Amino acid sequence: MMIAGTHLRRRDIFYLGLTARHYIPRLPDYNTSVNVHDHKLKRPELASAKSKKLWDGLENLKERTQGSLIPSTLKHMEEDAEFKLTASNLKKLGQKKLTREEKKNRQRALDRIGIPNFLSFWRAEKKKQGIEDKEKWLRRTAVEILQLNIGLYCNQACNHCHVESSPKRSEMMDRDTADRCLHILQNSPAVHTLDITGGAPELCSNFRHLVTEARKMKPELKIIDRCNLTVLLEPGQEDLVTFLTEHKVHIAASLPCYSAKNVNLQRGSGVFDKSIQALRLLNSAGYGKEGTNLELDLVYNPLDGKSLHQQVSSQQVSSQQSATVNWKVTWSCWYATTT
């Protein structure tokens, strides 16, 4: 959890939104390769496809997106070689040793591509500014954004997820921790934004408690829900869109690409269909429409981050046109990022 600039006692130290004394890892962490600069997604082998049709379109979309995504996610995880390898290493080495090894590997990976550690970087930058006095290196300012990672449980298991969320993760923020965060929010007058992430934060048992109490506490507070979209279609979440609308929650929705093929490759089979259906549900509630004050932003992850700056403008136009013509959805803002 990121709570910059707050003063917490040792027993209040948080890790991923959980009190340290309650943190029990349920899955091997760090499935993602530490060599970030080498990350590439494999394109599926071209089979002798019966049809070259990339997406079935809006016809029967509602029927195609019925039911939970979790069974197919679990099936994919059972077949994934990288996940099985890490599970084997966990069994052989144990969580603590595996975590220590991973930390070493991450540092070596950064060293290999010439990335300095934070202290070295900070000293070099301050030296450029003519600042030698160590007392002037780090001075916190007022906290304006409170970002909470409230759990690792998710209905998806994306291969780019940096916290390894999945349906097999059971770690969630408990009520005591949630109330402690609300206490910090109440006593931080400069905080204007509550940014909630996960996992799929909406599937955490205390998500609605946090949103409801935060909105009561600060009516003008900007509350961001970092949403994977497909969660809106999970059984038991039928009233989630209504809840988000009533509390005027800003949706920052992740849609890795405007291509059905790339989204399903990156996030799992069926995710693109469910994402489009979820966007249409949000639109029907007023999200992404002018004059409603219900913000719906999309976050796009190019497969090739190196060409991000060159691609984003043309791809934004292309995807906007595609969305208008094919998806029949609208949104507020479009952001591109790399993982």
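The values are calculated or read from the model by the stated rules, or taken from the named source; none is laboratory data. Remember, it's a predicted structure, so these values are computed and weren't measured experimentally. All Cβ positions, glycine included, derive from the backbone under ideal geometry; neighbour counts span all protein chains shown. Note: accessible area is taken over every heavy atom of the protein model, side chains too, but ligands, DNA and RNA are not part of it. Shrake-Rupley method; radii C 1.70, N 1.55, O 1.52, S 1.80 Å.
Couple of notes before you dig in:
- Test: Leu93 is open to solvent by 70 Å² or more (accessible area, probe 1.4 Å), among the aliphatic types (A, V, I, L, M) and either touching an Asp or Glu at 6+ places or on another chain (Cβ under 9 Å) or free of Cβ contacts under 8 Å to residues at least 40 places away in the same chain (or both): no
- Scanning segment 143-152 for residues that are in contact with an Asp or Glu (Cβ under 7 Å, 6 or more places away or on another chain) and open to solvent by 20 Å² or more (accessible area, probe 1.4 Å) returns Ile145, Gln147.
- No other residue among Glu202, Glu220 is of a type in the set (D, E, K, R) and outside any loop (DSSP other than H, G, I, E, B) apart from Glu202.
- Qualifying residues in segment 286-303 (those that are over 14 Å from Cys333 (Cβ atoms) and open to solvent by less than 70 Å² (accessible area, probe 1.4 Å)) - the one modelled with the lowest pLDDT: Leu303
Residue by residue, here is whether (1) at pLDDT 95 or above; (2) acidic (Asp, Glu); (3) open to solvent by 40 Å² or more (accessible area, probe 1.4 Å) holds:
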position: Thr212; (1), (2), (3): yes, no, no
position: Arg226; (1), (2), (3): yes, no, yes
position: Leu232; (1), (2), (3): yes, no, no
position: Val241; (1), (2), (3): yes, no, no
position: Ile251; (1), (2), (3): yes, no, no
position: Pro256; (1), (2), (3): no, no, no
position: Gln266; (1), (2), (3): no, no, no
position: Ser269; (1), (2), (3): no, no, yes
position: Ser284; (1), (2), (3): yes, no, yes
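- Condition met for Leu194 (of a type outside the set (Asp, Glu) and either within 25 Å of Ser68 (Cβ to Cβ) or assigned to a helix (DSSP H, G or I) (or both)): no
- Of all residues assigned to segment 171-189, none qualifies as being open to solvent by 30 Å² or more (accessible area, probe 1.4 Å), of a type in the set (A, V, I, L, M, F, W, C) and more than 30 Å from Thr73 (Cβ to Cβ).
- When residues of segment 190-210 are limited to those that are of a type in the set (Val, Ile, Thr) and under 16 Å from Gly151 (Cα atoms), the one least open to solvent (accessible area, probe 1.4 Å): Ile196
- Of all the criteria given as (1) charged (D, E, K, R); (2) open to solvent by less than 60 Å² (accessible area, probe 1.4 Å); (3) under 22 Å from Ser332 (Cβ atoms), the one not satisfied by Asp273 is (3).
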